[in-house]
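The values are calculated or read from the model by the stated rules, or taken from the named source; none is laboratory data. What you see is a predicted model, and the numbers here were worked out from it, not measured in a lab. Heads up, the Cβs are rebuilt from the backbone with ideal geometry, glycines too, and the neighbour counts pull from every protein chain shown.
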Amino acid sequence: MARNYFSLILFFLASCNRIETGNTLSNSDIEYVRKLNLLGPGETIYKFYSEFKKEKAGNFFTNRRLATYWIDDRHKEKNEISFAFYPDIRAIDTIYNPGASYCPYMLVTRMDSTKFKVCANGSRDEVRSFFEEAIKLWLQNRTQAPVSKAG
């Protein structure tokens with residue numbers, strides 16, 4: 001029963017979150033992403049979405065990469081920090097209807113065939129815009145020489 005209440009609370013917290021731009025994120029949010037080594041010099045966040053609190057979860061794309069993170073303070077082994085620079089991405093698949101308990105996401109496949117998800121939620125138009133802008137940046141930048149090993 002307590003698990004159901006927790007799930008319900010988490011759902012309502014997540015439903016209040018919205019897709020943000022790099023301009024609407026606070027300086028401390030941007031510095032936190034930088035401390036996670038997900039933002040380099042001259043790199044700009046274009047759009048950002050968190051399923052929970054920004055210190056715990058984030059999904060975003062920049063002028064150079066797609067990235068996601070999940071930080072679990074109680075169970076460090078559950079932490080996930082994943083990213084890929086655009087030239088290191090082989091494919092991006094969009095999943096708009098993943099089921100009732102999940103956010104829409106992009107399934108990012110790296111050149112080495114490893115995968116990760118970048119989630120975004122909001123109205124269908126907001127999610128579509130998030131996905132389409134990220135894919136457009138990837139298509140524009142994928143032919144550059146690979147930047148480095150993805151995280």
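A few remarks follow.
- For Glu133, the test of being of a type outside the set (A, V, I, L, M, F, W, C), outside any loop (DSSP other than H, G, I, E, B), surrounded by fewer than 14 Cβ atoms within 10 Å (Cβ to Cβ) and at pLDDT below 95 is failed.
- Of the criteria (1) surrounded by fewer than 19 Cβ atoms within 10 Å (Cβ to Cβ); (2) touching a residue at least 40 places away in the same chain (Cβ under 8 Å); (3) touching a strand residue (DSSP E or B) at 6+ places or on another chain (Cβ under 7 Å), which one Asn141 fails: (3)
- Residue in the stretch 67-79 that is farther than 20 Å from Val33 by Cα and assigned to a helix (DSSP H, G or I) present: no
- Pairs where the first residue, in the stretch 28-54, is free of Cβ contacts under 8 Å to residues at least 24 places away in the same chain and the second is part of a helix (DSSP H, G or I) and not basic (Lys, Arg), C-beta under 6 Å, 6+ apart: Leu39/Val33
- One residue from Thr62, Thr68, Thr109 being among the hydroxyl-bearing types (Ser, Thr, Tyr) and surrounded by fewer than 21 Cβ atoms within 10 Å (Cβ to Cβ): Thr109
- In the stretch 86-108, the residue that is nearest to Ala57 (Cα to Cα) out of those that are within 14 Å of the chain's Cα centre (by Cα) and of a type in the set (Val, Ile, Thr) is Val108.
- Among the candidates Arg65, Arg74, Arg90, residue that is charged (D, E, K, R) and in contact with a Ser or Thr (Cβ under 7 Å, 6 or more places away or on another chain): Arg90
- For the stretch 38-59, taking the residues that are in a loop (DSSP other than H, G, I, E, B) and among the basic types (Lys, Arg), the one that is surrounded by the fewest Cβ atoms within 10 Å (Cβ to Cβ) is identified as Lys53.
- From the list Thr94, Thr21, Thr44, Thr68, the one residue that fits, being within 26 Å of Glu132 (Cβ to Cβ) and at pLDDT below 95, is Thr21.
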